[in-house]
1. Restricted to Cα positions, what overall size does the chain have along the principal axes? Three whole-Å values, descending.
2. Pull up all non-local amide H partners of Val71: gap of 5 or more, or a different chain, and H-to-H distance under 5 Å with H placed in the peptide plane.
3. Determine the percent antiparallel among the DSSP beta bridges restricted to the chain, to the nearest 5.
4. If you average 1/r over every pair of different alpha-carbon atoms in segment 117-231 and take one over that average, what Kirkwood value in Å do you get?
5. With r defined as the distance between the Cβ atoms of Ser53 and Glu116 and R0 fixed at 25 Å, what FRET efficiency is calculated, to the nearest 0.05?
6. Given bins 5 angstrom wide, list per bin the percent of all Cα-Cα distances in segment 19-155, short to long.
7. Find how much the distance from Ala26 to Arg123 grows on full extension, using 0.36 nm per residue of separation minus their present alpha carbon separation; answer in nm with one decimal.
8. What is the pair-distance distribution P(r) of segment 105-148, computed from all Cα-Cα distances in 5 Å bins starting at 0, with each bin given as a whole percent?
Amino acid sequence: MANDNSPGGSKIYRHQETAASDGHVADADTDAIVAHLAAKIGKVDGVWHEIVSDKVHIDVHFIPPHGDDNVWTLFTTGMSARPMTTPPGFDGPQRGELILRLPADWPLTQEAFADEKNYWPVRWLKMLARLPHDYNTWLWPSHTIPNGDPAKPLSSVTKQNGMMIVPATCLDDGDEIVTTSSGPVMLMGIMPLYPEEMQFKLEHGYDALIEKLVAADIDDVIAINRVNVCR
């Protein structure tokens, strides 16, 4: 894994080869994570189980829209079964799980998933949950992941071409860390970015991009045609 720094001070990791499997699929403390998010957000109504697993078993759970929280909340379990490969001196939780939020009208049935324009957010959620273990790396708020090199749109229905790891805005301060039998687990959000936003973040840094997103009242609920704050 090679890396260097962007003009904005972000470290750029280039993942070239996947890590070999040791043949063991580790288990996460799923019950603790599900119970925590049920208490903080709402009733967990179901789960899409992974059929074939390697290194970790990634399941995607969902909390339906309810009350004032009129969005779907999807989250992973399994990413935290193994610690991430964090840099020397890092003192935060080494285990993580991911949260993704979708509009209430997003189709989330098995029939709808046959169409990639509906399934791609779930695909990315699962792919990112595997990334730290496939490449001996880590994910943390401020990290951006382009869709290929050169990056291409995430889907035929949007011009957004990469994802950024962000704080889980659906959780209050302090609630983003879950105590599990394996140790603390960091819950992180993901949001799509446009090419110009990805470039701005590399040139000016994460904080500068967040300021623009906040000023435009943009949160981490996926919106395929939202305003591009760096256009």
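1. Extents along the principal axes, in whole Å: 42, 42, 36.
2. His66
3. 80
4. This gives a value of 15.0 Å.
5. Efficiency at R0 = 25 Å is approximately 0.70.
6. Bins of 5 Å from zero give 2, 9, 18, 21, 20, 17, 9, 3, 1, 0 percent of pairs.
7. Gain in length upon complete extension: 32.9 nm.
8. It works out to 5, 18, 23, 21, 11, 15, 6, 0, in whole percents.
Every number in this text was worked out from the coordinates using simple rules, so none of it is lab data. In this text, all values refer to a predicted model and were calculated from it rather than measured experimentally. Cβ coordinates were reconstructed from backbone atoms using ideal geometry, including for glycine residues, and neighbour counts include every protein chain displayed.
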